[in-house]
Amino acid sequence: MDRWAGRTALVTGASAGIGAAVAEQLVRRGMTVVGCARNTQKIQDLAAECQRSGCTGLLVPYQCDLSNEEEILAMFSAIKAQHGGVDVCVNNAGLAHPDSLLNGKTSSWRNMLQVNVIALSICTREAYQSMKERNVNDGHIININSMSGHRVVPTSDVHFYSATKHAVTALTEGLRQELREANTQIRATCISPGLVETEFHSRMYQNTEKGASVFGSIKYLEAEDVASAVTYVLSAPPHVQIGDIQMRPVEQKS
């Protein structure tokens, strides 16, 4: 990770869970991390904690609604003006609504597509353009995917969500191919966790009890486990392309 010290990363959805854990890990390794979310209070708190604990990097909160392209473009312009540009882009932000294919609300489907697929693609494009214009040839774009991007479970309220994550799987491989066609050493990686102890399911169901019931009694992954996968990927030698990391709790069946 030494080669990333002093360089700039963007982490979307950095206010909690996996995004917050990734942002903290990268700051601890000396990176300047722009952490974005619709509400930045928790990122501000994390930034202060990182500073108090003597981290060598810097966490910069940035308020951004990823469902709004203009706000995304403004964020990249601000990063360019204040930090030069993006060297690492971690597309972590994602959401789910429990809306089935037969009875779901169109607005919920559209929201999942907008954040999980379109916003991810916009951030990817803008990160690549940022690297290209500065002749950065060793950047990295990491998509936080899901095991739901590799199989479809027989649970109707996640089928559309699963479709968006299958899209992320395809987009990551498509990105890898386009980067090769562009003759660049910039790398693309997908990290696909199973059940992780975060607020994700509580937000999905808008019910803390129902969200917690998803896990049962198994020992599930922690956000820090996924963050460790991110630092592992970034630590790989420049000639090594890690396409996808699939990880889940040992006791998770599907």
The condition from (1) open to solvent by 50 Å² or more (accessible area, probe 1.4 Å); (2) outside any loop (DSSP other than H, G, I, E, B); (3) not hydroxyl-bearing (Ser, Thr, Tyr) that Gly174 misses is numbered (1)
Flagged pairs (Cβ under 7 angstrom, 6 or more apart or on separate chains; first in the stretch 114-133, without any contact (Cβ under 8 Å) to a residue 60 or more places away in the chain; second of a type in the set (Lys, Arg) and surrounded by fewer than 22 Cβ atoms within 10 Å (Cβ to Cβ)) are Ser130/Lys80
Original post:
Within the stretch 141-163, is there a residue that is touching a Leu at 6+ places or on another chain (Cβ under 6 Å) and either crowded, with 22+ Cβ neighbours inside 10 Å or not hydrophobic (A, V, I, L, M, F, W, C) (or both)?
Top reply: yes
Result of the Cβ filter at 7 Å on the stretch 153-164, keeping first residues that are under 17 Å from Asn116 (Cβ atoms) and partners that are in a helix (DSSP H, G or I) and of a type in the set (Ser, Thr, Tyr), at least 6 apart or interchain, is Val158/Ser148; Tyr161/Ser148; Ser162/Ser148
Across (1) crowded, with 18+ Cβ neighbours inside 10 Å; (2) more than 19 Å from the chain's Cα centre (by Cα), Ala127 clears everything bar (2)
Note on the stretch 45-64: residues touching a strand residue (DSSP E or B) at 6+ places or on another chain (Cβ under 9 Å) and surrounded by 15 or more Cβ atoms within 10 Å (Cβ to Cβ) are Leu46, Ala47, Cys50, Gly57, Leu58, Leu59, Val60, Pro61, Tyr62, Cys64
Discussion item. Criterion first (touching a strand residue (DSSP E or B) at 6+ places or on another chain (Cβ under 6 Å), without any contact (Cβ under 8 Å) to a residue 60 or more places away in the chain and open to solvent by 30 Å² or more (accessible area, probe 1.4 Å)) does Glu197 satisfy it?
Written reply: yes
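Rundown of residues vs (1) open to solvent by less than 60 Å² (accessible area, probe 1.4 Å); (2) under 16 Å from the mean Cα position of the chain (by Cα); (3) touching a residue at least 24 places away in the same chain (Cβ under 8 Å), yes/no style:
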{"site": "Glu70", "(1), (2), (3)": "no, no, no"}
{"site": "Ile79", "(1), (2), (3)": "yes, no, yes"}
{"site": "Val88", "(1), (2), (3)": "yes, yes, yes"}
{"site": "Asn91", "(1), (2), (3)": "yes, yes, yes"}
{"site": "Pro98", "(1), (2), (3)": "yes, no, yes"}
{"site": "Leu101", "(1), (2), (3)": "no, no, yes"}
{"site": "Lys105", "(1), (2), (3)": "no, no, no"}
{"site": "Ser108", "(1), (2), (3)": "yes, no, yes"}
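Inside the stretch 24-44, can you point out the residues that are open to solvent by 60 Å² or more (accessible area, probe 1.4 Å) and in a loop (DSSP other than H, G, I, E, B)? Working first, answer last.
Narrowing the stretch 24-44 to residues open to solvent by 60 Å² or more (accessible area, probe 1.4 Å): 28-29, 38-39, 41-42, 44.
Matches in the stretch 24-44: Arg29, Arg38, Asn39.
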Given the conditions (1) at pLDDT 95 or above; (2) farther than 23 Å from Thr172 by Cα; (3) open to solvent by 10 Å² or more (accessible area, probe 1.4 Å); (4) in a helix (DSSP H, G or I), every one holds for Arg3 apart from (1)
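The values are calculated or read from the model by the stated rules, or taken from the named source; none is laboratory data. A quick note: this is a predicted structure, and the numbers were derived from the prediction, not measured. Don't worry about glycine lacking a Cβ; one is built from the backbone with ideal geometry, like all the others, and counts go over all protein chains shown. SASA here: full protein model, heavy atoms, side chains in, ligands and nucleic acids out. Shrake-Rupley method; radii C 1.70, N 1.55, O 1.52, S 1.80 Å.
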